[in-house]
Amino acid sequence: MKNSTLNSEDARDASLRVSKRMRDSLKAAAAVMGRPLYEVTNEAINHYLGNLKLGDPLVAIRRNGSGRARTATR
């Protein structure tokens, strides 16, 4: 139990370190560009989300929904 607690705390600490580094990088970029931090942050988030390779969530919903409909009618 103690080992799993340490692992989750290590992961949380690592996540906070990354978050702080990202925040500091965004602040520096905003300062260099002379733009508000929220604009730079929004652009970074939009860029990140735009580069994610996510499948179409509706395909899975349609596939599962049609499977239930076929099962119910049989």
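Rule-based calculations on the coordinates, nothing more; no lab input. Since this is a predicted model, take the numbers as computed values, not measurements.
Numerical summary
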| read-out | value |
| --- | --- |
| Using alpha carbons only: equivalent-ellipsoid semi-axes of region 20-68, gyration tensor based, whole Å | 38, 9, 7 |
| Gain in span if fully extended, residue 14 to residue 59, counting 0.36 nm per residue against the direct Cα distance | 12.7 nm |
| From phi via Karplus (6.51, -1.76, 1.60), per-residue ³J(HN,Hα) for region 57-63 in Hz, x at Gly/Pro | x, 5, 4, 5, 5, 5, 4 |
